[in-house]
Amino acid sequence: MIKYYNNHLTVEDITIAEIAKDRPTPFYLYSWQQIVKNIERIKRTFEGLDYHISFAAKANNNLYLLEELKNIGIGIDIVSEGEFESAKRVGYDPANVIVNGNGKTKSFLMDMLYYQPRALNIDSKEELERLEELAIKENKSIVIALRVNPDVDPITHPYISTGLKKNKFGMDLDTASSLINKYYQHPLVQIQGLHIHIGSQILNITPYEDAYGKIYEFIKSLNNHQLTFINIGGGWGIDYLKSGKEFPLEDYRLRVIPIIKQMNLPVILELGRFIIGNAGVLVGRVEYVKKTPYKTFVVTDASMADLIRPSLYDSYHHIYPQHDTGDEGKIDIVGPLCETGDRFAEERVIPLPKNDEYIVIGDTGAYGRVMSSNYNFSLRPAEYLIKDGEIEEVRPREDFKDVTSYYIKSR
Ligand SMILES: *Cc1c(COP(=O)(O)O)cnc(C)c1O
């Protein structure tokens, strides 16, 4: 998606100068073609299985993108009431909606009883009891899956590991087993699935082998069950470092797919980052280059309010200057906010950008715009989608009026 032609940075073969000409920076830019490519790769990996792909809306909640995904048959995985509203707004069929989250409110569970999603993933015994009470009161039946925590180390950043027994998500296998027994043939609450999501940005196959292996053994150990599907979660990593270490799909096909096949159940996948992470970039502009006796700072108009991952997780994002030749420098790329943590890279060696040139932060399609904030009263950036060579604004930049509309001066 990103290439240099004759020393000019391009996205989907359009120069960044052309793209940004009439579009105030910073903004997010997505490539539909890249999203489709990523989905094709998932489909090839699962060829021959009965599977359903859902997109984890928490990775990117742009309604136009969600609608485009819906139109090509991708389901949606929601984790909150807001994402539920988005799914309805875009017109998802409840049969393509998967519901997650570890703190579901009574009113949300009540909504689910009437909405009838494809699967409601229940995080704990306590949540199940809460649901049962409501189901009885309303006399409504519902299909659910139990989120199990297989206690495997996903070998990723601790903030995005979810399948260790010390993490807040899911229930241990013993609890799941006793619930499956207890609710066997329950008239209203039907435990029909198991759900496992062990973490995010995973580049290693072993945690999946371990987790799904445990789940397979678990299913075999059940005396009576009415399981009709298995939700294997998401978490596939992407090559942020541009080191060529991608999610090893071929190994996955050889080592993980056979374990899933043995379960002999239809499969649901929930992928966010893998579908959209490398299909988005954040475009900013260099305000100026500041030199001190110790450092060179490239100060951009993009900030941690637009993209918090480097500040929050210390995550690496590849940074592309507008021109790929020129004097290389060891530079810090920073935003303008009043926070030392407002930096995208430290001592990065890239050709030194000049004032007013554009700069592109790669692999920001997932967990980018969704995590943006109004810190320092920044206005959340616009989003554009490149599709069939056309660039479309799919969300405008916030304006000051929107953000202050709650305030009535004469009060
Ligand atoms: C976040 C999340 C996903 C998607 O994770 P990715 O790493 O973006 O693929 C899938 N399932 C659940 C339950 C999640 O919380």
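The values are calculated or read from the model by the stated rules, or taken from the named source; none is laboratory data. Computed from a prediction, not measured in an experiment: that's the story for all the values here. No Cβ is skipped: glycine too gets one built from the backbone with ideal geometry, and neighbour counts run over all protein chains shown. Side chains are part of the model used for accessible areas, which takes the heavy atoms of the whole protein and leaves out ligands, DNA and RNA. Shrake-Rupley method; radii C 1.70, N 1.55, O 1.52, S 1.80 Å.
What to note about this one:
- Sulfur and carbon atoms: percent of accessible area, the range 1-73 [1.4 Å]: 44
- When all protein chains stay in place and ligands, DNA and RNA are ignored, the 1.4 Å accessible-area order of 309, 253, largest first, is 253, 309.
- Gap separating the Cα centres of the range 351-384 and the range 186-261, nearest whole Å: 33
- Counting only DSSP beta bridges with both residues in the chain, the antiparallel share comes to about 50 percent.
- DSSP-assigned coil residues among trypsin sites (Lys or Arg not before Pro) in the range 165-241, each with at most 11 further Cβ atoms within 10 Å: 165, 166, 168
- Carbon/sulfur fraction of accessible area - the range 93-271, other protein chains in place, 1.4 Å, %: 48
- Spin-label model distance (nm) - residue 50 vs residue 399, 7 Å beyond Cα toward Cβ: 5.2
- If the chain linking residue 392 and residue 249 were pulled fully straight, counting 0.36 nm for each residue of separation and taking away their Cα-Cα distance, it would gain 48.3 nm.
- Loop-located trypsin sites (Lys or Arg not before Pro) in the range 21-88 whose Cβ has at most 10 other Cβ within 10 Å (DSSP): 21
- For the chain, the solvent-accessible area works out to 45 Å² per residue, with a probe of 1.4 Å and every protein chain left in place.
- Residue 105 - accessible surface, heavy atoms, 1.4 Å probe, Å² rounded to 10: 60
- Here the contact order of the chain, divided by its residue count and restricted to Cα pairs under 8 Å and six or more residues apart, works out to 19 percent.
- Among the GluC sites (Glu not before Pro) within the range 10-116, those in coil by DSSP and having at most 12 neighbouring Cβ atoms inside 10 Å are 47.
- Helix 32-46 vs. the chain, principal-axis angle (Cα, 0 to 90°, nearest 10): 30
- Under DSSP loop assignment and at most 12 Cβ neighbours within 10 Å, longest chymotrypsin sites (Phe, Trp or Tyr not before Pro)-free interval of the chain: 1-293
- FRET E, pair residue 291, residue 116, Förster distance 56 Å, beta-carbon r, rounded to 0.05: 0.35
- Other-chain or far-sequence residues with amide H under 5 Å of residue 77's (modelled H): 55, 56, 57, 98
- Shape of the range 1-109, Cα gyration tensor, a/c cut at 1.5: oblate
- Restraint check, 168/295; 3/291; 261/387, Cα-Cα greater than 32 Å: 168/295; 261/387
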